[in-house]
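Student: My questions will all concern the structure given below.
The values are calculated or read from the model by the stated rules, or taken from the named source; none is laboratory data. Given the structure is predicted, the values throughout are model-derived calculations rather than measurements. So basically every Cβ, Gly included, is an ideal-geometry build from the backbone, and we count neighbours across all protein chains shown.
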């Protein structure tokens, strides 16, 4: 799955992603911030690109917009299709979601490394 998603990022089709807010607490991580840069890694842990975050929004599953869902670039044809796919994904991962589940919606671009 990582290879497929990385390919979408590298071609510019994927400029957004969505995470469960609870995962940040579980991993003791702070939220990303606008302007932050992170390495995009392949399955072997090697950097394939550098991402720069352009938007960070905490919202509920039920409030995710079609604009954000479409920017994920994974081929969903509607917001409802995006919601169903994400519900299945998180359910299989053992974390069922409902419309009140808190999410972090991130937007990003691929950028060149400094120096």
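Student: Looking only at the range 56-67, filter to residues that are in contact with a helix residue (DSSP H, G or I) (Cβ under 9 Å, 6 or more places away or on another chain) and closer than 19 Å to residue 108 by Cα; which one of those is surrounded by the most Cβ atoms within 10 Å (Cβ to Cβ)?
Tutor: Per the stated criteria, the residue is 64.
Student: Next question. Condition first: under 15 Å from the mean Cα position of the chain (by Cα), assigned to a strand (DSSP E or B) and modelled with pLDDT of 95 or more. Can you find one or more residues in the range 90-102 that meet it?
Tutor: yes
Student: Filter the range 38-55 down to the residues that are surrounded by fewer than 16 Cβ atoms within 10 Å (Cβ to Cβ) and closer than 25 Å to residue 97 by Cβ and list them by number.
Tutor: 38, 54, 55
Student: Right, here's the next one. Do we find a residue being outside any helix (DSSP H, G or I), at pLDDT 95 or above and within 17 Å of residue 111 (Cα to Cα) anywhere in the range 18-28?
Tutor: no
Student: Continuing with the same structure: So which residues in the range 41-67 are assigned to a strand (DSSP E or B) and over 26 Å from residue 81 (Cα atoms), if there are any at all?
Tutor: Of everything in the range 41-67, those that are assigned to a strand (DSSP E or B) and over 26 Å from residue 81 (Cα atoms) turn out to be 41, 47, 48, 49, 50, 51, 52.
Student: Now for a separate question. Would it be correct to say that residue 31 is surrounded by 12 or more Cβ atoms within 10 Å (Cβ to Cβ) and in a helix (DSSP H, G or I)?
Tutor: It is false that residue 31 is surrounded by 12 or more Cβ atoms within 10 Å (Cβ to Cβ) and in a helix (DSSP H, G or I).
Student: Conditions first: (1) surrounded by 14 or more Cβ atoms within 10 Å (Cβ to Cβ); (2) within 19 Å of residue 5 (Cβ to Cβ); (3) touching a residue at least 12 places away in the same chain (Cβ under 8 Å). Residue 76 passes all but one, so which condition is the exception?
Tutor: Evaluating residue 76 over (1) surrounded by 14 or more Cβ atoms within 10 Å (Cβ to Cβ); (2) within 19 Å of residue 5 (Cβ to Cβ); (3) touching a residue at least 12 places away in the same chain (Cβ under 8 Å) leaves (3) as the failure.
Student: Which one of these is closer than 16 Å to residue 17 by Cβ, at pLDDT below 95 and outside any helix (DSSP H, G or I): 113, 76?
Tutor: One residue alone meets the criteria, 76.
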